[in-house]
Amino acid sequence: MSSKTIRSRLIFFGETTKGNSTLPTDISQYEIGSISKVFTATLLADLVLKNTISLDDAVTKYLPDSLKTNTDLQKITFRSLANHTSGLPRLPGNLQTVKGYTESDPYKAYDRKALYAYLKNYKATQAPGEKFEYSNLGFGLLGDLISVISKKTYNQLIQEIIAKPLSMTATADKVDPKNNQLVSVYNSKGEQVPVWNFNALAGAGVLKSTVTDLLQFARSQFKMPETDIEKAMAETKQFTYFLPPDTDMGMAWHINMLEGITFYWHNGGTNGSRSFIGIAPDEKSAVVVLSNSAVETDEYAMKILDYLLTQKN
């Protein structure tokens, strides 16, 4: 139930729905989960390069007056949201108490009202910028702030800033009801589960995409940046934080060495999907693995990437 990419080669196996004997294709859509964070970071970089904001602006500058007085929020910057050093926890403490919450679709009911209610009473346990703590809340807040600043929805920005310039026709927050190519998804027990929906925390993991679109996203980062989107993508790969023992952080991207070559990667997971993207721009190599099963893909992806890089050297 997965697809793997080796150089310009697409490999598909499994089924789009269990038992239908239908292989995925290059137009099959998957949940990409937290790979969405790389797209959110790209939107942030675009705002920075346009001098709309600074990475080191305090986020309280763009929050309602009722939140500005919370001193524990005042030192959180866009940079710290983008590299998971804001101090915000992985998930907001009121996620499960919001009306409409369900375990099978945990983010659907969490709206801006709930987000602001949590932030109003937020108490920090560590100072921003000091410690890495992976945070869906942080990237959800980042995506929401970008929407507020831009006065457009998250998906409108994804289409305008990233998808259209890169000709990524199947990447969006929702599937096209007139051309639904979304695969069915299955948990680790093999049981079919719902696709996740997002509200205020969309920037953490809302996007659906295809292996073809993600390869286009990857290939667009191989060349010297010339266009606005290429410059924004390049900005996300700049160093922002060192995560011991051997990982640098860009904006969303994890940065490591493999076979002496720098590569950038992110993975994603929902209740019924797993995903991975890794790029080595200097070698013009990339791998994308998308699965409609909650079985880890990282090991497969890293083996493919290692193969690509060793074959080139």
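Once the range 47-75 is narrowed to residues that are of a type in the set (D, E) and either touching a residue at least 12 places away in the same chain (Cβ under 8 Å) or not in a helix (DSSP H, G or I) (or both), the residue that is surrounded by the fewest Cβ atoms within 10 Å (Cβ to Cβ) is D56. If you go through the range 193-213 and pick out every residue that is buried (at least 18 other Cβ atoms within 10 Å of the Cβ) and part of a loop (DSSP other than H, G, I, E, B), you end up with 10.
In this structure, T16 qualifies as part of a loop (DSSP other than H, G, I, E, B), touching a residue at least 60 places away in the same chain (Cβ under 8 Å), over 18 Å from the mean Cα position of the chain (by Cα) and within 24 Å of T171 (Cβ to Cβ).
Every listed requirement among (1) over 21 Å from T270 (Cβ atoms); (2) modelled with pLDDT of 95 or more; (3) surrounded by fewer than 16 Cβ atoms within 10 Å (Cβ to Cβ) is met by Y118 save one, (3).
Taking the condition over 15 Å from the mean Cα position of the chain (by Cα), under 26 Å from E296 (Cα atoms), at pLDDT 95 or above and in a loop (DSSP other than H, G, I, E, B), does G190 pass?
Details: over 15 Å from the mean Cα position of the chain (by Cα): yes; under 26 Å from E296 (Cα atoms): yes; at pLDDT 95 or above: yes; in a loop (DSSP other than H, G, I, E, B): yes.
In short, yes.
For the range 90-100, filtered to residues that are surrounded by fewer than 17 Cβ atoms within 10 Å (Cβ to Cβ) and not charged (D, E, K, R), the residue that is nearest to L243 (Cα to Cα) is G93. Among residues of the range 207-225 that are more than 17 Å from Q238 (Cα to Cα), those with a Cβ under 7 angstrom from a residue that is in a loop (DSSP other than H, G, I, E, B) and of a type in the set (S, T, N, Q), sequence gap 6+ or separate chain, pair up as L207/T171; S209/T171; T210/S28; D213/T171; Q216/S167. Report whether or not L44 is of a type in the set (A, V, I, L, M) and either surrounded by fewer than 17 Cβ atoms within 10 Å (Cβ to Cβ) or out of contact with any Asp or Glu (no Cβ under 9 Å at 6 or more places or on another chain) (or both). For L44, the condition - of a type in the set (A, V, I, L, M) and either surrounded by fewer than 17 Cβ atoms within 10 Å (Cβ to Cβ) or out of contact with any Asp or Glu (no Cβ under 9 Å at 6 or more places or on another chain) (or both) - is not met.
Candidates are the residues of the range 126-183 that are in contact with a Gly (Cβ under 8 Å, 6 or more places away or on another chain) and of a type in the set (D, E, K, R); the one that is nearest to T71 (Cα to Cα) is E130.
Residue-level analysis places Y110 among those that are more than 27 Å from F242 (Cβ to Cβ), crowded, with 16+ Cβ neighbours inside 10 Å and in contact (Cβ under 8 Å) with a residue 60 or more places away in the chain. Among the residues of the range 215-249, the one identified as touching a helix residue (DSSP H, G or I) at 6+ places or on another chain (Cβ under 8 Å) and closer than 30 Å to S188 by Cβ is F217.
The values are calculated or read from the model by the stated rules, or taken from the named source; none is laboratory data. All values reported here derive from a predicted model rather than from experimental measurement. Please note: Cβ atoms are built from the backbone with ideal geometry, for glycine as well, and neighbour counts cover all protein chains shown.
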